[in-house]
Amino acid sequence: MSALLTVTDLRAYYGQVQALHGLQFEMKEGSMTTLLGANGAGKTTTLRAICAMVRSTGSIQFAGTPLLGRSTEAIVKLGIAHVPQGRGTFTSMTVEENLQLGAITRKDKEIASDIERMYAHFPVLKQRHTQQAGTLSGGEQQMLAVARALMLRPRLMLLDEPSFGLAPLVVRDLFRILGKINREDKVSILVVEQNAQLALELADHAYVIETGRIVMSGTATDIASNEDIRKSYLGY
Ligand code: ATP
């Protein structure tokens, strides 16, 4: 499989503060790749750089198209959907309205059938389709945020800490569905996670970030069996 995303010498800056120091990684089409790292390592910034939400230099190629210099909107149109930490659903709108909004840039006629597909992935959203998003539980809101991003029909979905603040069983359910979306709907997924164990169970490839640089990469199985990783991130 060819590279879907190629990041080379990526540096990102918040004012005078440099958060990424020449980050380099590659993601294959169809893969589920995870970025692991401690707090402040630069995981969120990496996703923000891909979406043109932080000042960056270097190179990011998406299916051969350079992303740096493009607007966030243009990057979304190329097929990249970003689910930021904290979800960001429209709280005063219903579940279904949120899903419709997710498809706002689309002009095709398959939006209704895609909403049904999202309900098949996330049955709880179907049960609650008329409920205001702000009144959903944390897990349901995270599912809605993922479903809304998928309504863009992205080729690549960027997920920032999807497990944040969710109960372990809910997280497991969410990751099971993400695996299904990756395999069945052929959406490539780049996921940033504190829950390294779960991320490594599901991902095929993993990169470890420390202070804005990649310090380790490999198949998820190799990374999960690495002793340093086990001690630092998996706690055994
Ligand atoms: P976490 O797991 O805690 O979310 P992270 O790996 O996602 O951490 P980032 O949020 O990417 O880390 O932060 C990387 C570095 O950039 C940190 O040193 C952080 O303090 C800094 N940083 C992030 N956002 C800003 C900002 N808006 N202004 C200044 N510095 C920032």
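The values are calculated or read from the model by the stated rules, or taken from the named source; none is laboratory data. Keep in mind the model is a prediction, meaning the values are calculated, not measured. Note: ideal-geometry Cβ built from the backbone for every residue, glycine included; neighbour counts use all protein chains shown. Calculation scope for accessible area: heavy atoms of the full protein, side chains included, ligands and nucleic acids excluded. Shrake-Rupley method; radii C 1.70, N 1.55, O 1.52, S 1.80 Å.
A few remarks follow.
- Subset of the range 69-101 (residues that are at pLDDT below 95, open to solvent by 50 Å² or more (accessible area, probe 1.4 Å) and among the hydroxyl-bearing types (Ser, Thr, Tyr)): Thr91, Ser92
- Applying a threshold of 7 Å to beta carbon distances and a minimum spacing of six or more residues, or different chains, the list of pairs starting in the range 42-68 at a residue that is surrounded by fewer than 17 Cβ atoms within 10 Å (Cβ to Cβ) and ending at one that is part of a helix (DSSP H, G or I) reads Met53/Thr72.
- Output for the range 1-34, where each listed residue is away from the ligand (no atom under 14 Å from the Cβ), part of a loop (DSSP other than H, G, I, E, B) and open to solvent by 60 Å² or more (accessible area, probe 1.4 Å): Met1, Ser2
- Residue in the range 35-69 that is farthest from Leu200 (Cα to Cα), counting only those that are more than 8 Å from the ligand (Cβ to nearest atom) and out of contact with any strand residue (DSSP E or B) (no Cβ under 7 Å at 6 or more places or on another chain): Gly69
- Whichever residue in the range 132-163 is farther than 30 Å from Gln61 by Cα, outside any helix (DSSP H, G or I) and open to solvent by 50 Å² or more (accessible area, probe 1.4 Å) and, among such residues, is nearest to the ligand (Cβ to nearest atom): Ser137
- A count restricted to the range 165-188 and to residues that are out of contact with any strand residue (DSSP E or B) (no Cβ under 8 Å at 6 or more places or on another chain) and either free of Cβ contacts under 8 Å to residues at least 12 places away in the same chain or outside any helix (DSSP H, G or I) (or both) stands at 10.
- Among the residues of the range 83-99, those that are without any contact (Cβ under 8 Å) to a residue 40 or more places away in the chain and either assigned to a helix (DSSP H, G or I) or among the charged types (D, E, K, R) (or both) comprise Glu96, Glu97.
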